[in-house]
1. Hey, any idea what the orientation-averaged projected area of the convex hull of the stretch 360-407's Cα atoms comes to, in nm²?
2. Among the complete DSSP H segments of the chain, which ones combine at least 27 Å of alpha-carbon extent along their axis with a mean Kyte-Doolittle hydropathy of 0.0 or more?
3. Arrange the peptides 37-48, 158-169 so that the one whose residues have, on average, the most other Cβ atoms within 10 Å appears first.
4. Among 448-458, 124-134, 279-289, how do they line up from the highest to the lowest mean number of other beta-carbon atoms within 10 Å?
5. Beyond 27 Å, what percent of the Cα pairs of the stretch 33-189 remain?
6. Using just the helices of the chain, give the 222 nm mean residue ellipticity in deg cm²/dmol: DSSP H runs with n ≥ 4 each add -39,500 (n - 2.57), and the total is spread over all residues, rounded to 500.
7. May I have the extent of the alpha carbons of the chain along their three principal axes, as whole Å values ordered from largest to smallest?
8. With the convex hull built on the Cα atoms of the stretch 95-185, state its orientation-averaged projected area in nm².
Amino acid sequence: MFSRRRAQKRQELRLTLAERLRSPDPAVREKASADVAQTRDLEWALRELAQALDHEPSLDAFVAATGAFSDALCRDEALRGRAVRVFARNLDDPDGVLREWTALVAELGGAPALQVIDADLRHDARLRLEALRKQGWTPEGLPGVQPGTFLFELQFGIAVSAVHAAVRRGEPLSEEHAQHTRVEARAVFKKALPHPRGSTESAEQLMPLAALPDEDSWSDRARTGLRVDEALSLCGSGEEDLVALGMEVLGCLVTLHDGIRRDPVRETLDDLASRDQEPFTLGEILDCYSLMHAELPLTDPPLELFLDKVRHSAAQVRSSAALGLSHLAPGHPEETSAVDALVRLLDEDVDDEVRHCAAGALRRGEYSGPDNATAASSALARHADSAVPAIRAESLADRLGQGAPDAFPGLLTELELPDPHWRFMPVVILAATRQRPSDSPMPRPVRTALIKRVVHLQKTGWADRHADPVYPDAQDRAELLEDALTNLRA
């Protein structure tokens, strides 16, 4: 009798938890997933949670569901070991991790394993695997991190969430929603086309297509992919105005969204770059290459194109080429040629914005050769007293990175000017947050003086002076001050 009663109570508990897992309230679902993970019937718990992974509508509740699922997996040593091996042996194989992981989840009661993996899903998974590697995953698993510890459960849960989120975000739109997305994009293009290329008015029309939504949804990547397709169609039109608009749209989308339509975008860039383009379009092409390479290194970056375009007659193109070299040149056989080109721009170009872009590229480059690193720092040091504040800021940031003894006093001198340039606020943050073992600490008198100066700027309305309508506007400048103050006081 008692055994029947216990069985009945377990069945009632299962029914209650299953009902709560399907509640319209995400908070209820989150709590239910944690409770399910701790039930005595592990096989049932894994089946319910596996199904929840594939049906959870809320991204926030999904994180809780994957956490509960990973907790339940960790209760079974054999299953935990299988899952760890899935992640570890596939760190360089996005197709492999997606197939093996979804096969494991399907075995436990989830949706059928993936059979078809498109390029967008593959690139998304590759980016996530890169992140896992940076967090300590190796082909051997999590060496030095013992199962059962908080750190293991945290890193294992992150892996589960990352890989299954890629699966969910790779789901396509229904045909109805896909057609609506295409029509919506074309309507926006029509409104933006009459405005000058790269203008504020054009950006205001286009940004709603690229802006991240207030609340993420599983369909965001699919919608963005279709918008990229529409932009690529413009780029292939052969009409100069439409090509320029298509590249402007691609620039917005590639800036804010990772790993979507990389292959067709690269093919389009290569095609357009092989033909003469007007300066705005060419600059956008170079920017897109740079963004894609920074996101996930291109196997064959077009460095020769960038080295050629640093000599272009249009300053806009030279600026884009200079900025791109900081991403494409490090580790490339032509690294020395790139450094030489950037030094030449910094020393000789007639346009201050081009010179600033060159200075920024020289400072940010992570060079494989010590001679190149020395040449970059020497060039920046020569411009420590530049009349262009943005170039002085890059020079000062480099001196801070090199541990130069005059760097901290130089920063204080810039902040004590009657109206310091906003470019020095990020340098303050850099100086306050340097964490390399070789970094010398900021002297306490300098830190105290900088805090007083930033507070003074806050009180005297610095944020509202010389605000840019695009960036940094008054709010941006106020945030720069607040960030500087927060890091100085930390």
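1. Value for the stretch 360-407: 3.1 nm².
2. Sorted by number, the helices that extend far enough and score high enough are 150-169.
3. 158-169, 37-48
4. 279-289, 124-134, 448-458
5. Taking all Cα-Cα pairs of the stretch 33-189, the fraction more than 27 Å apart is 25 percent.
6. Counting only the DSSP helices, I get -22500 deg cm²/dmol.
7. Rounded to whole Å, the extents work out to 91, 61, 46 Å.
8. So the Cα hull casts an average projection of 7.8 nm².
The values are calculated or read from the model by the stated rules, or taken from the named source; none is laboratory data. In this text, all values refer to a predicted model and were calculated from it rather than measured experimentally. Here Cβ is always computed from backbone atoms with ideal geometry, including for glycine, and neighbour counts include all displayed protein chains. These accessible areas exclude ligands, DNA and RNA; they are computed on the full protein's heavy atoms, side chains included. Shrake-Rupley method; radii C 1.70, N 1.55, O 1.52, S 1.80 Å.
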